[in-house]
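**Student:** The structure under discussion is supplied below as structure tokens; questions concerning it will follow.
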Amino acid sequence: MSNGIRLVLLGRQGAGKGTQAVRLADHYDVPHISTGDMLRAAVKDGTEFGLKAKAVMDAGGLVSDEIMVGVVHERLHQADATSRGYILDGFPRTEAQARALAEITADSPLEVVLNLEVPEAVVVERITKRRVCRSCGRIYSVDSPPAKDWICDTDGGDVVQRDDDTEDAVRKRLELYAAETLPLVAFYSEAGQLVDVDGLGSADEVFDRVVEGISARRAG
Ligand code: AMP
């Protein structure tokens with residue numbers, strides 16, 4: 001069995017973070033921790049917190065740093081993450097979250113911050129074509145749908161468009177990414193933790209590049 005990994009995935013919406021995160025979690029045998037999936041689960045459960053989060057998410061905004069740091073702090077202290085590591089997808093999204101994450105992981109620091117690079121023009125098209133399984137989160141595209149009539153190949157759930165993948169919300173999310181999250185690329189680069197990977201091409205091609213980039217970093 002591999003040794004696990006403690007990895008953060010950065011990249012704009014539609015860069016392929018979710019797709020690569022699922023593969024990386026399988027490859028390194030660690031949990032895939034997606035703050036977006038955690039929020040969508042809370043929305044589905046209909047909790048008061050979920051309803052509030054849904055309003056923010058549908059408008060393309062960001063849930064407060066305080067809440068997100070609390071959620072991630074709790075999740076990273078669960079046994080699966082403390083024993084083998086994690087693929088953290090969707091967090092940190094702001095400099096305040098990155099600083100909080102450094103404190104949370106002070107005893108077992110991040111090994112790699114992977115930056116999936118895809119130009120903005122490409123991601124807008126990918127997001128508008130994106131479809132997601134409502135129950136397991138598996139990602140499809142109108143260009144590569146499930147085998148049977150928008151029923152998930154993995155668990156039979158309904159495959160639908162995300163409520164926040166509308167044009168207005170997507171534009172707002174990309175603006176927020178540029179303003180709040182892109183500075184983290186420089187932040188982690190200065191810390192010597194960043195691995196840049198070209199996110200263009202098929203999911204298989206990108207995955208090969210990602211694993212190669214991680215191995216080179218770990219060897220070096
Ligand atoms: P994602 O699936 O990562 O695109 O996340 C979907 C939405 O959840 C985002 O557009 C935000 O509204 C919210 N969200 C997810 N992660 C965070 C985070 N780390 N900080 C603030 N909001 C978040």
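The values are calculated or read from the model by the stated rules, or taken from the named source; none is laboratory data. Owing to the predicted nature of the structure, the values given are computational and were not obtained by experimental measurement. As a convention, Cβ positions derive from the backbone with ideal geometry for all residues, glycine included, and neighbour counts pool all protein chains shown. Ligands, DNA and RNA are excluded from the accessible area calculation, which covers all protein heavy atoms including side chains. Shrake-Rupley method; radii C 1.70, N 1.55, O 1.52, S 1.80 Å.
**Student:** Tell me, what is a quarter of the convex hull surface for the C-alpha atoms of the range 50-165, in nm² with one decimal?
**Tutor:** Mean orientational projected area (the range 50-165, Cα hull): 9.0 nm².
**Student:** Also, quick follow-up: Would you please name the trypsin sites (Lys or Arg not before Pro) within the range 1-89 that are DSSP coil residues with at most 11 other C-beta atoms within 10 Å of their C-beta?
**Tutor:** When the trypsin sites (Lys or Arg not before Pro) of the range 1-89 are filtered for loop state and at most 11 Cβ neighbours within 10 Å, nothing remains.
**Student:** Right, another one. If you take the Cα atoms of the range 22-62, find Rg, then find the Kirkwood Rh from the mean of 1/r over all pairs, what is Rg/Rh?
**Tutor:** Radius of gyration relative to Kirkwood radius: 1.14.
**Student:** Please report, to two decimal places, log10 I(q)/I(0) for the range 97-155 at q = 0.12, 0.26, 0.29 Å⁻¹ as given by the Debye formula with identical point scatterers on the Cα atoms and no solvent.
**Tutor:** Taking Cα atoms of the range 97-155 as identical point scatterers yields -0.54, -0.98, -1.12.
**Student:** Using amide H atoms built 1.01 Å from N in the peptide plane, name the residues 5+ places from R131, or on other chains, whose amide H lies under 5 Å from its own.
**Tutor:** Y140, S141, V142
**Student:** Let me ask something else. Which one of G16, H77, G60 is farthest out on the positive end of the charge dipole of the range 1-97, using unit charges on Cβ (Lys, Arg +1; Asp, Glu -1) and the Cα centre as origin?
**Tutor:** With unit charges placed on the Cβ atoms, the residue in question is G16.
**Student:** So what is the accessible area of the range 7-136 per residue, in Å², with the probe set to 1.4 Å?
**Tutor:** Value for the range 7-136: 46 Å² per residue.
**Student:** With contacts defined as alpha carbon pairs under 8 Å and 6 or more residues apart, what's the relative contact order of the chain in percent?
**Tutor:** The value is 28 percent.
**Student:** Step through the residues of the range 130-139 one at a time and calculate ³J(HN,Hα) from phi using the Karplus curve (6.51 cos²θ - 1.76 cosθ + 1.60, θ = phi - 60°), rounding each to whole Hz and writing x for Gly and Pro.
**Tutor:** 6, 10, 9, 5, 5, 9, 10, x, 4, 9
**Student:** Over the Cα atoms of the range 1-108, what is the Rg over Rh ratio if Rh follows Kirkwood?
**Tutor:** 0.96
**Student:** While we're looking at this one, here's another question. Taking H as built 1.01 Å from N, whose amide H comes closer than 5 Å to the amide H of R6, not counting residues under 5 places away?
**Tutor:** When sequence neighbours closer than 5 places are left aside, the close amide H contacts are Y86, E111, V112.
**Student:** Direction-averaged shadow area of the convex hull around the Cα atoms of the chain, nm²?
**Tutor:** The directionally averaged projection comes out at 11.9 nm².
**Student:** If one computes the Cα centroid of the range 134-170 and of the range 68-85, what distance in Å separates the two points?
**Tutor:** Their Cα centres are 27 Å away from one another.
**Student:** Ignoring ligands, DNA and RNA, what percent of the accessible area of the chain is carbon or sulfur (1.4 Å)?
**Tutor:** Here carbon and sulfur together make up 50 percent of the probe-accessible area.
**Student:** With a bin width of 5 angstrom, please list the P(r) values of the range 2-51 as percents of all Cα-Cα pairs, from the 0 bin to the one holding the largest distance.
**Tutor:** All Cα pairs considered, the percentages come to 5, 19, 22, 18, 16, 13, 5, 1.
**Student:** Hey, what's the Cα Rg ratio for the range 148-220 versus the globular rule of thumb, 2.2 N^0.38 Å?
**Tutor:** 1.54
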